[in-house]
Amino acid sequence: MRGGEALLKSLENQGVDVVFGYPGGQLLPLYDMIYDSDLKHILVRHEQCAAHAADGYARASGKVGVCIATSGPGATNLVTGIATAYMDSSPIVAIAGQVPTGLIGNDAFQEVDTIGMTMPITKHNFQPITSKEIPEMVKSAFYIAGTGRPGPVVLDLPKDVQEQELDFENDVKITLPGYKPTRKGHPLQIKRAASLIGSAKKPVILAGGGVIISNSSEELLKLSELVGAPVTTSLLGKGSFPEDHDLSLGMLGMHGRLPANFAVDKCDCLIAVGCRFSDRTTGKISEFAKNAKIVHIDIDPAEIGKNVDVDIPIVGDAKIILSNLIRAISQNKMSSKSMEWVNRVKNFKQTCIPKMSFDNMPLKPQQVIKEISEAVDDDTIMTTDVGQNQMWMAHYFTSRKPKTFLSSGGLGTMGFGFPAAIGAKVAMPESDVVAVCGDGGFLMVSQELATVKEYDIPVVICVLDNRYLGMVAQWQNLFYEKRLSHTHLGESPDFVKLAEAFGVAANRVERPGELREVLSSAINSGEPTLIDITIDPDEILPMVPPGCGLTEIVGEYKTESNNSEDVPYRETAKERAGD
Amino acid sequence: MDDQRTHIISALVLHKPGVLQRVAGLFTRRGFNIESITVGTSEQEDIARMTIIAKGDGKVLEQITKQLNKIIDVIKVRDLEPENTVKRELCLIKVHSPTEKVRAEVVQYVNIFRGRVIDVSPETLTIEMTGASDKIDALIDLVKGFGIKEIARTGPTAMSRGIKTI
Ligand SMILES: Cc1ncc(C[n+]2csc(CCOP(=O)(O)OP(=O)(O)O)c2C)c(N)n1
Ligand SMILES: [Mg+2]
């Protein structure tokens, strides 16, 4: 057996059913072997999208996603997608071609130092110099990518190694003496946390992406109800807790929901689970949860104390720790579940239910999200791009289930939404998949319309068409004296015609009430469809300016109970929060 | 915040290509200051020992150790307690010594510091000295007046006193 065949066999042994890839010179041997294999290969139209698709596949299914690109420019094109997966702890294995071993280091044609280049954006990377290393390396790569705190692993595969003969062994042993992720939390720390939480009067839970990765939504819900702790989430934590639940506060942070930002400010005990306290989530650190003792549960010890000083760290798998914590708290029987706090939060929530219905034209984004919500079901996988579209979705869309809200959080990569949706649909063919994108971000990856057409991957793309790099324009409007430097996108392209050029069905929506129907029938059509939605470029989502505390919000949230346009938000909200 | 202190970090790493780059890259990327780093074989085959001297407060050091531990090829990391650690550095100094008189003087200093002269030429003496870094600094200071042509220092390597291993 040759190296490339060993790779394919090893992928098969790992249960890989599909790869997203793009061939090239240094991958000719491998692609020749793929030609004879049963591996399903999806030819994307840009390698960045192979990585994002593998990432979307991983986020939607919890399985490791795989992408392949050639050496040099193929590998550099993968980099954005690998970094995106790294920042959001998404397990992918990225396979890159490399020049033959004899030429490495000579600046050979299409040579780039893939190992050096990807070191800071991968959990680990490997370069086999002989083909007999391949089986062990592939097995290690999947093990590393998928366990502990997940993340991308790169396999850099020289051309000659792909062709070199080896004796293939099915059950290779892997030895990784430096890799032993902690799963069980320290019992003493769990005990301490249990008594702290049990005696808290105003507890709040902050759930991050780690809750979703560790499949601990059920435990999260139990804990929240047991101790009467309202739950807020980070962007990546969206879906870890049903957002229509009484105790849900919605997303926290720079573009967070009012009840979330205020509850974290007021709470006396913050239980953070599987989150890394990103600056977009915490706002000014010295102001963050300043009245609270903080319990931090995370599988990555390096996240403890990195951004926020915590009182009780617990390192390990959230699922195991949460269930132990629940047991310990129930045994203590000292839970002083405070209905007063729960009621206060509920009442505050009632006063700031976001206003979603607008019959304006051009369409208000709130109205758009409302109609999207009405057209999809709980199991629909939503992906977002980056920018205002993402924050509108994060703020207004009600997620109910884990692994149904996929968004590039840490890296904030424009162009993520559409290819991630492709990966998600391939992973979960039974689920509907809708990508909500900005016009700027979608154009960065629009060539993938060819991919969805050729492979008949029925995702629906909603382009929130404001003709602006909206989020950047928002910052320019708020902080740079409305000097809109290079953020207007002009009239081109016509997204409907663009989609049609690829043979993809397309619609334009301009009026309130249209989108729900159009989106429903697009989903039901079973065909890839683009919906170009003309929206109001001037609608601004209130935000916490960088460097400010979570309650220092600029702009006014339009709520059901407060429609007035000109009441400065800060005073009213603080009053309502009972300050 | 506690004060800035110099830390001696001892790490066992897989003896594989790229491992030094992984460690050094981590320091640059995360803005940690390295004073020196030494790598060599250890008592175990396939495993190398790194000694890293780095400055920072307790919080920075905690991050350094944790981030190092996250590198798959790093097996073990320990911040050695200075008072329970033996730490040695090797230094080679090439001193300008064109006359008998100068050479005699240099040799005298070298003897006081328990160094050795390991190479002689009509123009130069090359000294080898192993010891604590501050002792090496002191010797360098003393012979500086004669004119130093070259210095090569390894940076300290270290291990715990007594029976303790990392
Ligand atoms: C690849 C990349 N380039 C630049 C940015 C900076 N950026 C963040 S949001 C944004 C505007 C996005 O515009 P659009 O896709 O139209 O979305 P909108 O904000 O209008 O909804 C830009 C340029 C980014 N996040 N990613
Ligand atoms: Mg836009």
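The values are calculated or read from the model by the stated rules, or taken from the named source; none is laboratory data. Remember, it's a predicted structure, so these values are computed and weren't measured experimentally. In this analysis, Cβ positions are derived from the backbone assuming ideal geometry, glycine residues included, and neighbour counts consider all displayed protein chains. Ligands, DNA and RNA are stripped out before the accessible areas are found, and what is left, the full protein with its side chains, is counted by its heavy atoms. Shrake-Rupley method; radii C 1.70, N 1.55, O 1.52, S 1.80 Å.
Looking only at region A:467-486, count every residue that is within 15 Å of ligand 2 (Cβ to nearest atom), more than 12 Å from A:Asp439 (Cα to Cα) and either hydrophobic (A, V, I, L, M, F, W, C) or free of Cβ contacts under 8 Å to residues at least 24 places away in the same chain (or both) and tell me the total. Talk me through it step by step, then tell me what you get.
Narrowing region A:467-486 to residues within 15 Å of ligand 2 (Cβ to nearest atom): A:467-477, A:484, A:486.
Going one step further and asking which of them are more than 12 Å from A:Asp439 (Cα to Cα), we end up with A:472-477, A:484, A:486.
Checking which are either hydrophobic (A, V, I, L, M, F, W, C) or free of Cβ contacts under 8 Å to residues at least 24 places away in the same chain (or both) leaves us with A:472-473, A:475-476, A:484, A:486.
Of the residues in that region, 6 qualify.
Which one of these is at pLDDT 95 or above, of a type outside the set (Asp, Glu) and open to solvent by less than 20 Å² (accessible area, probe 1.4 Å): A:Val172, A:Val161? Even if it seems obvious, please write down each step before you answer.
Details: A:Val172 fails: open to solvent by less than 20 Å² (accessible area, probe 1.4 Å).
When all the criteria are applied, what remains is A:Val161.
Apart from one condition, A:Glu517 fits all of (1) outside any helix (DSSP H, G or I); (2) farther than 28 Å from A:Arg257 by Cβ; the exception is (1).
May I ask you to verify whether A:Val434 is within 16 Å of ligand 2 (Cβ to nearest atom) and either of a type outside the set (D, E, K, R) or under 22 Å from A:Glu47 (Cα atoms) (or both)?
Values: within 16 Å of ligand 2 (Cβ to nearest atom): no; either of a type outside the set (D, E, K, R) or under 22 Å from A:Glu47 (Cα atoms) (or both): yes.
No; evaluated as a whole, the condition is false for this residue.
Contact annotation: residue pairs with Cβ atoms under 6 Å, 6 or more positions apart or on different chains, pairing a residue in region A:294-307 that is under 20 Å from A:Asp265 (Cα atoms) and more than 9 Å from every other protein chain (Cβ to nearest Cβ) with a partner that is open to solvent by 10 Å² or more (accessible area, probe 1.4 Å) and acidic (Asp, Glu), are A:Ile294/A:Asp311. Against the list (1) more than 14 Å from chain B (Cβ to nearest Cβ); (2) open to solvent by less than 20 Å² (accessible area, probe 1.4 Å), the condition A:Leu39 fails is (2). Restrict the check to region A:274-293 and report whether at least one residue is in a strand (DSSP E or B), in contact (Cβ under 8 Å) with a residue 24 or more places away in the chain and buried (at least 21 other Cβ atoms within 10 Å of the Cβ). No; the residues of region A:274-293 include none that is in a strand (DSSP E or B), in contact (Cβ under 8 Å) with a residue 24 or more places away in the chain and buried (at least 21 other Cβ atoms within 10 Å of the Cβ). Residue-level analysis places A:Gln331 among those that are open to solvent by 20 Å² or more (accessible area, probe 1.4 Å) and more than 16 Å from ligand 2 (Cβ to nearest atom). The set of residues in region A:175-224 being surrounded by fewer than 18 Cβ atoms within 10 Å (Cβ to Cβ) and under 23 Å from A:Asp265 (Cβ atoms) consists of A:Ser199, A:Lys201. Take A:Val345 and tell me if it is more than 14 Å from chain B (Cβ to nearest Cβ), open to solvent by less than 10 Å² (accessible area, probe 1.4 Å) and more than 30 Å from A:Asp538 (Cα to Cα). Against the criterion (more than 14 Å from chain B (Cβ to nearest Cβ), open to solvent by less than 10 Å² (accessible area, probe 1.4 Å) and more than 30 Å from A:Asp538 (Cα to Cα)), A:Val345 does not qualify.
All of (1) hydroxyl-bearing (Ser, Thr, Tyr); (2) surrounded by fewer than 17 Cβ atoms within 10 Å (Cβ to Cβ); (3) under 27 Å from the mean Cα position of the chain (by Cα) hold for A:Ser485 with one exception: (3). Output the helices (runs of 4 or more DSSP H) that fall wholly within region A:153-221 and possess 2 or more residues being within 14 Å of chain B (Cβ to nearest Cβ) and within 21 Å of the chain's Cα centre (by Cα), or say none. Ranges flagged: none. Of all the numbered requirements in (1) under 19 Å from A:Thr80 (Cα atoms); (2) at the interface with another protein chain (Cβ under 10 Å from one of its Cβ atoms), A:Arg149 misses one, and that requirement is (1). Of the helices (runs of 4 or more DSSP H) entirely within region A:369-458, those holding at least 1 residues that are within 15 Å of ligand 1 (Cβ to nearest atom) and more than 14 Å from chain B (Cβ to nearest Cβ) occupy A:388-396, A:417-427, A:439-443. Scanning region A:262-273 for residues that are assigned to a loop (DSSP other than H, G, I, E, B) and over 16 Å from A:Gly228 (Cβ atoms) returns no hits. Can you say whether A:Glu539 is outside the structural domain of A:Glu371 (by TED's automatic domain parsing), at pLDDT 90 or above and within 16 Å of ligand 2 (Cβ to nearest atom), as far as the supplied structure shows? Taking the combined requirement at face value, the residue satisfies it. Taking first residues from region A:220-245 that are at positive phi and partners that are of a type in the set (A, V, I, L, M) and surrounded by fewer than 24 Cβ atoms within 10 Å (Cβ to Cβ), the Cβ contacts under 7 Å between residues at least 6 apart in sequence or on separate chains come to A:Gly228/A:Met339; A:Gly228/A:Val342.
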